Amino acid sequence: MKCPLCGKMLLSVGPKPADLICQTRVKFTKADLPHYSQRDRDTNDSIIWYLPPYKLINIGDFSEIWTVIDATDTHTYWAPEFKFITKVPIIHPDKPEIVTKRIKNLIIFS
Ligand SMILES: [Zn+2]
């Protein structure tokens, strides 16, 4: 299966149901994260994708929009800290620039 954002193959990571993770890393303050990840099952599950400075979590029929506010030193790596902005009807994966534009519009009107 390919990443719906950048088209690279998703890697299957961990025990079943595995996480399918995009190999593209996106840079946040002091840390980078996989572009896109989802659980390898087709039930009503969460999908997480990162489009700096935003993080999206798709759960059921809704998308939560988060934004990065800082990064925390966990002593092994820098983990970005996110702040919840809003919950909107589901945003489907598309080209990153299209999705980012859509998020910006949603934030303005929320
Ligand atoms: Zn990707």
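Points worth noting:
- Ordering of 49-62, 73-86 by packing [mean C-beta count within 10 Å, highest first]: 49-62, 73-86
- The overall shape of the stretch 1-63, judged from the alpha-carbon gyration tensor, is oblate: a/c is not under 1.5, and a/b is no greater than b/c.
- Overall form of the stretch 21-110 per C-alpha gyration tensor (a/c, 1.5; a/b vs b/c): oblate
- Amide hydrogen proximity for Thr86: with H placed 1.01 Å from N in the peptide plane, the residues at 5 or more positions away or on another chain lying under 5 Å are Ile65.
- Distances between placed amide hydrogens fall under 5 Å for Lys8 paired with Cys3, all partners being 5 or more residues away or on another chain.
- Pairs from the list Lys16/Lys83; Lys16/Lys55; Lys27/Lys101 with a Cα-Cα gap above 28 Å: Lys16/Lys83.
- Spin-label model, Lys101/Trp78: points 7 Å from Cα along the beta carbon direction are separated by 3.1 nm.
- The calculated FRET efficiency for the pair Thr86 and Thr29, based on their C-beta separation and a Förster distance of 25 Å, comes to about 0.70.
- The chain - percent relative contact order, Cα under 8 Å, separation 6 or more: 18
- Across the options Val88, Leu56, Met9, the greatest Cα extent toward the positive end of the charge dipole of the chain (unit charges at beta carbon of Lys, Arg, Asp, Glu) belongs to Met9.
- Estimated FRET transfer efficiency (Ile69, Ala18; beta-carbon r; R0 22 Å; 0.05): 0.15
- Other residues within the sphere of radius under 14 Å centred on the Cβ of Asp32, judged by their own Cβ, net out at +4 (K and R +1, D and E -1).
- Residues with amide H under 5 Å from that of Ala71, placed H, sequence gap 5 or more: Glu81
Quick note: the coordinates plus some simple rules give every number you see, no bench work behind them. On a predicted model such as this, the values are computed, not experimentally measured, just so you know. Positions of Cβ are generated from backbone atoms using ideal geometry, with glycine treated the same way; all protein chains shown enter the neighbour counts.
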